[in-house]
1. From the list B:TYR200, B:TYR262, which one is at pLDDT 95 or above, more than 30 Å from B:ASP137 (Cα to Cα) and open to solvent by 20 Å² or more (accessible area, probe 1.4 Å)?
2. Checking the structure you have, find out if any residue of region A:164-184 is within 14 Å of chain B (Cβ to nearest Cβ), open to solvent by 10 Å² or more (accessible area, probe 1.4 Å) and free of Cβ contacts under 8 Å to residues at least 40 places away in the same chain.
3. Mind checking which residues of region B:122-151 are within 16 Å of the chain's Cα centre (by Cα) and within 9 Å of chain A (Cβ to nearest Cβ)?
4. Can you tell me which residue is nearest to A:ILE117 (Cα to Cα) among those in region A:82-93 that are more than 7 Å from every other protein chain (Cβ to nearest Cβ) and open to solvent by 10 Å² or more (accessible area, probe 1.4 Å)?
5. Cβ-Cβ distance below 9 Å, separation of 6 or more or different chains: which pairs start in region B:260-271 with a residue that is aliphatic (A, V, I, L, M) and end on one that is exposed (fewer than 14 other Cβ atoms within 10 Å of the Cβ)?
6. Anything in region A:47-81 that is in a helix (DSSP H, G or I) and open to solvent by 20 Å² or more (accessible area, probe 1.4 Å)? List them, or say none.
7. Here is a list of conditions, (1) within 16 Å of the ligand (Cβ to nearest atom); (2) within 20 Å of B:ALA287 (Cα to Cα); (3) out of contact with any Pro (no Cβ under 6 Å at 6 or more places or on another chain); (4) away from chain A (no Cβ under 14 Å), and B:PRO49 meets all of them except one; can you say which number that is?
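The values are calculated or read from the model by the stated rules, or taken from the named source; none is laboratory data. Please read these numbers as outputs of a predicted model, since none were measured by experiment. Reconstructed Cβ throughout: ideal geometry from the backbone, glycine too, with neighbour counts over all protein chains shown. The area values use the complete protein model at the heavy-atom level, side chains included, leaving out ligands, DNA and RNA. Shrake-Rupley method; radii C 1.70, N 1.55, O 1.52, S 1.80 Å.
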Amino acid sequence: MSSEVMGYNAAMGLGLVEEMRRDAEIFVLGQGVATGGWFGAEKGLASEFGLDRVIDCGISEAFEAGLAAGAAIVGMKPVINMGFGDFALIAGDEIYHKLAKWRYMHGLDVPMTAVIIFPIGTMGGAGPEHSSCTEVLGMHFPGLKVVVPSTPEDAKGLMKAALREPNPVLFHSVQGLGWARGEVSTDPEFIVPIGKAATPRQGRDLTIVTYGSMVPRSLEAADTLAGEGIDCEVIDLRSLVPLDWDCVLESVSRTNRAMVVHEAAKTAGPGAEIAAQIQERIFFDLEAPVLRVGGKDFPLPQHSDLEAMSIPSVDAIADTARRLFAI
Amino acid sequence: MPAPDPALLEQMFHRMSVARAIERLMLVHTRERKFSGWWHPGEGQEAAPIGATAALERDDYLWYQGRGSAWAIGKGMAAGLILGDLLGKMNGATRGKGGGVPHWADYSIGVMGEGATLGSVYPLAGGSALASRIRKDGRVSLADFGDGTSARGTFHETMVHAAAWKLPLIYFCENNGLLVGTRLGEVSPTENIADFAKGYGIPGIIVDGQDAVAVYEATREAAARARRGEGPTLIEAKVVRRHGHYAGDPQKYRADDEFDDYRDPVDVLAARLRGNSAERIAQEAEAEVKAAYEEALAAPEPDASVIERDLYHVQ
Ligand SMILES: Cc1ncc(C[n+]2csc(CCOP(=O)(O)OP(=O)(O)O)c2C)c(N)n1
């Protein structure tokens with residue numbers, strides 16, 4: 001299969017373009033999307049698809065998400081770039097009630113496609129209101145699918161899957177990976193199925209369950225640890241809803257040790273649920289408690305040096321893995 | 001604008017009578033039997049929904065708020081689906097999920113549903129209106145809301161864009177002057193909700209909300225304007241909430257003389273019908289509702305499997 005090296009945001013944009021070519025019901029709306037988008041993923045969309053399908057709006061996040069729900073209910077396939085994951089809270093009713101529950105409340109088993117793009121995480125000084133990892137909200141409120149790609153190829157493949165998915169998807173693009181580059185399939189039928197994890201590194205001694213910005217850091221930590229004789233398996237969840245429990249439990253039941261790593265704040269973050277379920281479901285396969293490495297339970301600092309100290313570093317991941325291995 | 005023809009008038013009166021019969025029945029039902037949640041009576045306000053829905057086409061999109069049942073009935077939903085749902089039975093519109101707050105939808109007749117977080121209808125209707133603009137399908141979207149809900153931020157966020165983009169959207173306010181027990185004047189800087197229209201450069205129309213024909217004509221005009229691509233209209237129907245905010249509300253906040261000039265919308269519409277058809281239609285409607293109620297009482301209750309239904313669609 002043919003592939004091409006490209007950036008994370010460009011790959012996400014390519015997924016969008018390919019799907020817009022095959023499906024006239026898809027439209028894109030957000031702040032600045034017609035002028036190329038804040039992060040470049042929408043570059044060229046307006047000139048190819050016209051301003052009817054690539055629509056700029058004012059600062060109105062509740063409207064944007066509510067509009068997505070309304071348009072999706074009548075069968076269109078809106079893609080809304082919300083600018084920042086933090087803004088999920090501004091549009092909370094529209095996302096976690098309307099998009100998530102409309103069909104459920106009305107007793108309707110019908111398709112409803114909508115993709116809400118939430119750029120999440122730190123990017124070097126965006127400050128406490130533009131750097132949050134809000135993906136756990138989508139796990140807590142039922143009715144949505146939740147994805148977090150960690151590679152350019154997954155960004156493309158998950159975007160395409162989201163646009164073929166008959167349920168609303170919260171698509172968390174990782175701000176810190178915006179400029180990451182990698183091989184991306186150019187096959188227009190290439191998709192990454194929602195709900196399927198990847199195992200970018202296989203290992204025998206312990207399992208690092210992670211996703212998003214912490215995938216490259218966990219892989220780097222695993223490389224270091226390999227030199228010390230600790231053989232880590234790294235699972236990139238890619239989707240948080242549905243979460244690929246089969247993959248996680250199969251791995252941990254083999255390695256007997258697990259840790260969860262994410263940029264999101266540690267307390268009540270996705271890792272809390274993942275750790276709890278591992279010990280609930282395969283307690284007797286475990287040689288050690290499930291450990292967690294997460295962001296500090298403080299607002300993210302505006303100062304980029306302090307920001308960097310607030311989220312898990314490669315060293316912190318490696319240290320925790322050593323501790324886990326020693327138990 | 002032409003007035004509704006006699007056949008349409010009769011249909012309006014029939015639907016209003018059905019909604020009224022449901023009102024009367026629900027007041028008794030909520031007092032005497034087990035009821036899940038609260039019933040928000042719509043008696044006195046029926047002319048607004050009946051007039052407005054009569055002016056819409058079958059495939060126009062209706063996003064309504066949850067007082068009474070006349071919006072869904074007006075758009076063509078069967079009384080049985082509504083009563084079954086209010087009683088929480090499997091034969092209701094949501095197939096077993098029902099109770100006090102209505103979530104009745106039938107996309108095939110443009111009944112798009114209700115959001116119980118008030119003010120959610122604005123962006124939803126904005127979304128369906130934008131869809132119509134993209135698809136050029138000629139449909140109109142109507143967002144119905146109470147006067148108290150005009151304070152929501154989504155009111156502004158949506159109308160700013162709808163006016164700028166000339167979306168085929170109607171904001172329809174049922175102004176009964178009350179937000180539960182708070183008078184509108186205490187929380188709004190304008191005397192009328194329609195006054196807000198000025199800021200958006202759109203027509204703001206005030207209409208007698210006790211007269212279904214006046215409402216019909218105003219809505220017809222707004223829908224025609226929307227279909228011509230001239231953009232949204234804000235209609236404000238001045239209505240009267242005849243009962244409490246919810247069934248059982250002691251309403252200590254209401255004045256003794258509040259209903260002295262009350263004009264019942266059923267009487268106002270009845271006077272417009274030919275001959276003595278009003279009485280016959282009202283009797284038919286009552287019989288229809290009574291039969292639907294009996295059927296709902298006898299219908300099966302939901303079991304626990306309903307809890308896990310309709311969360312995700314599987315293709
Ligand atoms: C966002 C939101 N806030 C508050 C409520 C609680 N509530 C339900 S009905 C109601 C009164 C609404 O007043 P109005 O919009 O004037 O409509 P009316 O009840 O008069 O028909 C309130 C406060 C709600 N359902 N949603």
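1. Numbers: B:TYR200 fails: more than 30 Å from B:ASP137 (Cα to Cα).
One residue alone meets the criteria, B:TYR262.
2. Among the residues of region A:164-184, not one is within 14 Å of chain B (Cβ to nearest Cβ), open to solvent by 10 Å² or more (accessible area, probe 1.4 Å) and free of Cβ contacts under 8 Å to residues at least 40 places away in the same chain, which makes the answer no.
3. Within region B:122-151, B:TYR122, B:LEU124, B:ALA125, B:SER141 meet the criteria.
4. The first filter runs over region A:82-93 and keeps only residues more than 7 Å from every other protein chain (Cβ to nearest Cβ), leaving A:82-92.
Narrowing the set further to residues that are open to solvent by 10 Å² or more (accessible area, probe 1.4 Å) leaves A:84, A:86-87, A:89-90, A:92.
Details: A:PHE84: 8, A:ASP86: 11, A:PHE87: 11, A:LEU89: 14, A:ILE90: 14, A:GLY92: 14 Å.
The extreme case among them is A:PHE84.
5. Final answer for the pair search is B:ALA270/B:GLU279.
6. Of everything in region A:47-81, those that are in a helix (DSSP H, G or I) and open to solvent by 20 Å² or more (accessible area, probe 1.4 Å) turn out to be A:SER47, A:GLU48, A:PHE49.
7. Answer for B:PRO49: the failing condition is (2).
Matching residues to (1) more than 16 Å from the ligand (Cβ to nearest atom); (2) buried (at least 20 other Cβ atoms within 10 Å of the Cβ):
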residue: B:GLU174; (1), (2): no, yes
residue: B:THR233; (1), (2): yes, yes
residue: B:VAL239; (1), (2): no, yes
residue: B:ARG242; (1), (2): no, no
